[in-house]
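Values quoted throughout were computed directly from the atomic coordinates according to the rules given, and no laboratory measurement underlies them. Given the structure is predicted, the values throughout are model-derived calculations rather than measurements. Every residue, glycine among them, receives a Cβ derived from its backbone with ideal geometry; neighbour counts consider all protein chains shown.
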Amino acid sequence: MKYRIITHGNCTDGYCSAFVVKKFFNVFFGTTLTEQEIQEIPVLGVQPQDIQAGKVHFSSGDIVVDLPPSETKIFFWCDHHLTNKPTASLPKNYHWKATPSCSGFLIDIALEKGAKSSKELLEFRKVIDINDGAAYTKKDIKDCYYKRKNYQQHSPLQKLAMIGSMFNTRDRILNDEIFRTLLTSDLGETPLSSESLWQLNPLIFHRAQLESFELWRKNVDTYLAYDAEAQCVIQDDRKAKINIGVPDRFYSYMKFPEASYHVNLRIIDEEKKARVGIGSNIFHKERCKVNISELCQELGKKFGGSGGGHFYVGGAVVRADKVDEALAFILEAFKKKE
Ligand SMILES: [Mn+2]
């Protein structure tokens, strides 16, 4: 069998999911591959919309994690996105569950199949759930998204943020290269202790990212708006005079603690499409009653694209000339639920 791992590209949970599959490959599949053979299994990072648009060509040995399922039958599929909740019973080697992270779900499956547990593995499981499920406290956000006085020590959660900063630079080619390289080199027990990874010095990337977050926040401050009626922060990137820094997706809730939701809009694909991102205030999920996954799916259908995600966060791609209508539709949905 010619195996290949296809995972959510540029995403920390996507990275960690592929890592867990490789780490427990023989446990998952009852195979007897050597470490070298597992190391060489290629890893491809793609975006969910690429699968939805039929741009990815699958084969029977594909292992797909943290992404929508393919139309054709593949070797293994595991996901936790609400949008991809199966409507019929799943074939062998297909797994879906509404969990905070896909990596955590994969670790559970591996443990069930007899993988050896350890303190580090459980620690890692805890922080990837916080990271992908956005279960941060305000202090966690300060620790992971803002510059610090010193960088001598890192908590497991900070380590994960540092790893993510290596493939979330503004250079897409570099991101893909790092993502792939990190997953086809020697793997430690978890990403938190993988020597080959830490040799690349994630701190350099992380400090640069914290600087980029700050630049981004300063720029976005010039046009970030709040709709009190919809209790929604609107980040319309069409209003940006310059394009600088790396987006800090939790800034809206730090700046507008009274907000329940956040919407961001960006034109992509040579002005033909727009990307809409919607989130809920991670510090006040009790206020957020709108199912964002459903809302994003609806947006995709109504405004000529596709969409999906989780209960509290999601994204959609719509036609660029329909963005204003889409925004009005979103704000209306939030007002109705109050
Ligand atoms: Mn995920």
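Worth pointing out:
- Square roots of 5 times each gyration tensor eigenvalue, C-alpha, region 21-117, largest first, Å: 22, 17, 12
- Pairwise inverse Cα distances across region 121-198, averaged and inverted, put the Kirkwood hydrodynamic radius at 13.6 Å.
- Report summary: the helix-based calculation at 222 nm, which adds -39500 (n - 2.57) for every DSSP H run with n ≥ 4 and divides by the residues of the chain, gives -12000 deg cm²/dmol.
- Phe303 sits among other residues whose Cβ lies under 11 Å from its own Cβ, and their net charge, with Lys and Arg +1 and Asp and Glu -1, is +1.
- Short-range pairs are left out: with C-alpha atoms under 8 Å and at least six residues apart, the relative contact order of the chain is 14 percent.
- Rounded to the nearest 10 degrees, the angle from helix 323-337 to the longest Cα principal axis of the chain is 90 degrees.
- Distance (nanometres) between label positions extended 7 Å along Cα→Cβ at Lys302 and Tyr151: 4.4
- Signed unit charges on C-beta, dipole axis of the chain, positive-most listed residue Leu295, Leu157, Tyr226: Tyr226
- Separation of the Glu211 and Glu71 label points, Cα + 7 Å toward Cβ, nm: 4.7
- The calculated FRET efficiency for the pair Ile204 and Lys142, based on their C-beta separation and a Förster distance of 25 Å, comes to about 0.75.
- Residue-span extension gain [Glu177 to Asp321] - 0.36 nm each, minus C-alpha spacing: 48.4 nm
- Label zone of Ala98 (point 7 Å out along Cα→Cβ, amide N under 16 Å): in region 304-333 this covers 308-314.
- Net charge dipole, region 280-328: roughly 100 debye, given to the nearest 20, about the Cα centre with Cβ charges of +1 for Lys and Arg and -1 for Asp and Glu.
- A Förster radius of 22 Å, combined with the Cβ-Cβ distance separating Asp269 from Arg4, puts the computed FRET efficiency at roughly 0.25.
- Using a Förster distance of 30 Å, the FRET efficiency for Ser89-Gln36 (Cβ separation, nearest 0.05): 0.20
- Between helix 119-132 and the chain: long-axis angle, C-alpha atoms, 0 to 90°, nearest 10: 30
- Based on C-alpha pairs under 8 angstrom that are at least 6 apart in sequence, region 71-191 has a relative contact order of 18 percent.
- Pairs spanning more than 18 Å between alpha-carbon atoms, out of Lys142/Lys255; Lys2/Lys55; Lys138/Lys336; Lys119/Lys159; Lys97/Lys302; Lys159/Lys285: Lys2/Lys55; Lys138/Lys336; Lys97/Lys302; Lys159/Lys285.
- Radius of gyration and Dmax over the Cα atoms of region 4-205, both given in Å: 16.4, 52
- Taken along the Cα-to-beta-carbon direction at a fixed 7 Å, the label points for Glu112 and Ser193 span 2.6 nm.
- Region 221-337: radius of gyration and largest Cα-Cα distance (Dmax), Å: 13.2, 38
- Principal axis extents of the Cα atoms in the chain, from largest to smallest and rounded to whole angstrom, are 58, 51, 38.
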